[in-house]
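Please read the structure below before turning to the comments.
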Amino acid sequence: MKKVLVITYHFPPEGGAGIQRVLKFVRYLPEFGYQPLILTPKHKTKLHDFSLTKEIEGNDIYRVANLGEYIPYDLKNIFSRYLQPDKRILWKYTAIRKAVDIVKKNDIDLIMSTSPPHSIHFIAKKIAEECQLPWVADFRDEWTTDFNFAPRKYSAKHVLLEKKILTSADYVTTVRNSAKKHFHVFNDNVKLIYNGFDPNDFINLNSIHIKNIFNKKKINVLYTGSFTPKSSPIELFDELEEIISNDVRVRQDFSLTIVGDKKSNMRRLKDYPNLFEYVNMIDYKPHRYCLKLMQESDILLLLATNEKGMDILPGKLFEYFYSKKPILAIERYESELDVLLKKYGNYYLAYEVEENSIRKAIYQIHNDWKQRQLSESQNHSFIEKFNRKYLTGKLAKIFDELTSIQ
């Protein structure tokens, strides 16, 4: 079996949506002939999901201290112009030395790094060059074309840094067509590998108890995750507050449950006191608990508040697909998401830039619920394309190509 060193900043027992992609690659790569060894930092994490560690039992995981964790946040901010592309770059002082040691002792065949943070790729680049190994750079998010990316004042610098990574990697993988097109300008070897779902995560969910979460007499809309500029609830809350304040029919039938970082999410809700009674805020829960909630809800809410020209495909989308439940998707503009939703077939789509679009979608859902017309998606062949095991097979083919020419 060939060996791949996977370099990632986020890994279980850390929780959150960004964990799933690398976790599932690690889980299924052995079935395609690759033993993953994982290099990840010891660092403070906001969210924990210890249930995920069961999936990585038996793997070689090297957790190396990040010196940046010992530097005060304010001090890092002062020197932020020198900590490029991000403050996580300080991990390189311990990570590179450890990685080279892992490569030499384990006869590693290739390197894979996954971002964000994008500094991970500079660590991988150094290791690949020093050890003369092929390297795959995986982007879960775009970089300079991400309008929500924080250090805009250093944008010119980041264009050069991004180009350096894209022209150095032997292969680039990413999660959206828009990113693929952008990255392809600098590297001919770019592969689209969507995020996905793992059917094994949905097994035996009946053993998970979610008492008193949903009121079966209401339309139970569920959102899983934390609100960000890319997934902003503001336009939805604006419309909901007006509808609930003025329409008793919807008011008595509607319930929205939000599962994620409760403290952060509540900051978005605090300006809408009329919604407090109709929005149930739940703090972060383990992954499978959220999947159980998906199964028990009526409607799954998806927020993709993208800037024009920037597509967003939230990772939860594909687990929503596997649930086969109706999806209420709220976007700012048309994007690649529309194409996937149309193939999925079971959705309500609203655009923030279109007047009354969100309102119409909510009323349509209410009407369909009243008429008992909410149903499951029947496009099984489309859904199966996002099986995590199948997607890992696509990654393994890239590894095969790179290791066969060494």
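Worth pointing out:
- Candidates Phe197, Phe183, Phe382, ranked by Gaussian network fluctuation over the chain, Cα under 10 Å, top entry: Phe382
- Within straight-line reach of Lys98, meaning a Cα separation under 17 Å, sit the following aspartates and glutamates at least 8 residues removed in sequence or on another chain: Asp60, Asp107, Asp109, Glu129, Glu130.
- Under 5 Å from the amide H of Asp138 lie the amide H atoms of Ser113, Thr114, Ser115, Thr173, each residue being 5 or more positions distant or on a separate chain, with H modelled from the backbone and absent for Pro and chain starts.
- The C-alpha atoms of the chain define a longest principal axis, and helix 357-370 lies at about 60 degrees to it.
- Cα-Cα pairs of the stretch 80-137 separated by more than 16 Å (percent): 40
- Debye equation applied to the C-alpha atoms of the stretch 197-302, log10 I(q)/I(0) at 0.10, 0.15, 0.17, 0.22 Å⁻¹: -0.29, -0.65, -0.82, -1.27
- Each Cα pair under 8 Å and six or more residues apart adds its sequence gap; the mean of these over the residue count of the stretch 200-379 is a relative contact order of 22 percent.
- Taking the longest Cα principal axis of the chain as reference, the axis of helix 287-296 is set at about 30 degrees.
- Put a plus charge on the Cβ of each Lys and Arg, a minus charge on the Cβ of each Asp and Glu, and nothing anywhere else: the dipole of the chain about its Cα centre is then about 820 debye.
- Cross-linked pairs Lys24/Lys324; Lys216/Lys325; Lys92/Lys394; Lys292/Lys325; Lys87/Lys181; Lys24/Lys389: Cα-Cα separations exceed 18 Å for Lys24/Lys324; Lys92/Lys394; Lys87/Lys181.
- Set Lys316/Lys343; Lys105/Lys163; Lys2/Lys191; Lys125/Lys163 screened for pairs whose C-alpha atoms are more than 24 Å apart: Lys105/Lys163
- Acute angle (nearest 10 degrees) that the helix 155-168 long axis makes with the longest principal axis of the chain, alpha-carbon atoms: 60
- Among the trypsin sites (Lys or Arg not before Pro) in the stretch 111-211, those placed in a DSSP loop whose Cβ has at most 14 other Cβ atoms within 10 Å are Lys211.
- GNM flexibility winner over the chain from Phe254, Phe50, Phe227 (Cα, springs under 10 Å): Phe50
- Amide H contacts of Ser255 (H built 1.01 Å from N, under 5 Å, at least 5 apart or other chain): Ile219, Val221
- Across the stretch 249-256, computed HN-Hα scalar couplings (Karplus, 6.51 cos²θ - 1.76 cosθ + 1.60, θ = phi - 60°) run 4, 6, 4, 7, 9, 9, 8, 10 Hz from first to last residue, x flagging Gly and Pro.
- Note on Trp143, Trp91, Trp369, Trp135: ascending count of other Cβ atoms within 10 Å places them as Trp369, Trp143, Trp135, Trp91, the fewest first.
- Under the criterion of Cα pairs below 8 Å and six or more residues apart, the relative contact order for the chain equals 14 percent.
Each reported figure results from applying straightforward, stated rules to the coordinates on display, with no laboratory input. Not measured: the values here are computed from a predicted model. We place every Cβ from the backbone using ideal geometry, glycine too, and count neighbours over all the protein chains shown.
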